[in-house]
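Each reported figure results from applying straightforward, stated rules to the coordinates on display, with no laboratory input. Fair warning: this is a prediction, and the values are worked out from it, not measured in the lab. Positions of Cβ are generated from backbone atoms using ideal geometry, with glycine treated the same way; all protein chains shown enter the neighbour counts.
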């Protein structure tokens, strides 16, 4: 009978290694966020987590976690805060409009409610896709918002998968709250980044098919412009 001890030992070691990596990444996020009182550090720390996760998923699983995290935190500090505070501003406007619904009625209420639902859907797409797009592509500042929405809308299965996986993840943390200090941020961001990375690959595959002449369904879009943003701007 073949001895599988070495195989299982190796697998167990790899599982424990990834458990440690995710815990360490989550602790880094907490420490750097708290160090800046959350006000100026939560968004750079979030971008730094996504930067490490991106390297794990598409390039280098053996990356030096702290080195990459710290480098991204410093390099992206101002842009990350800019993106994050724009998201906060949009969220505040949506919250204000939601409260305003309680004091209006009739046609005005219906129109504002419709606008609110549409805006909320767009906001959720940005929450899921904006920071992953930022760490994956090199674009001008406001192009990140447009590119994030483009990739999100063109990959509805990824959006469904994100919502489903986050629901499962949040349920696990709800029933096992002891995991929250060690894994909450890193695991939830990993679930998002894993799904969005697949969306990146599908988008680039579709664009490659257009370039090769295998798919004409997307030709009504500005292919050259999209390709320049999606492929040639991809970060190393």
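Can you put 76, 60 in order of Cβ neighbours within 10 angstrom, beginning with the fewest?
Details: 76 22, 60 12.
Listing 76, 60 from fewest to most nearby Cβ atoms yields 60, 76.
Among 190, 20, 70, what is the fewest-to-most ranking by other Cβ atoms within 10 Å?
On the way: 190 23, 20 11, 70 14.
Result, fewest neighbours first: 20, 70, 190.
Quick one: check the C-alpha center-to-center distance for segment 97-173 versus segment 21-43, whole angstrom.
After rounding, the separation between the Cα centres reads 24 Å.
Where does each of 203, 46 land when they are ranked from fewest to most other beta-carbon atoms within 10 angstrom?
203, 46
Per 5 Å bin, what is the whole-percent P(r) computed from every C-alpha pair distance within segment 5-230?
All Cα pairs considered, the percentages come to 1, 6, 12, 15, 17, 16, 13, 9, 6, 3, 1, 0, 0, 0, 0.
Under a point spin-label approximation (7 Å from Cα along Cα-to-Cβ), what is the residue 204-residue 23 distance to one decimal in nm?
3.3 nm
For segment 5-230, calculate the relative contact order in percent as a whole number, restricting contacts to Cα pairs under 8 Å that are 6 or more residues apart.
For segment 5-230, the relative contact order is 23 percent.
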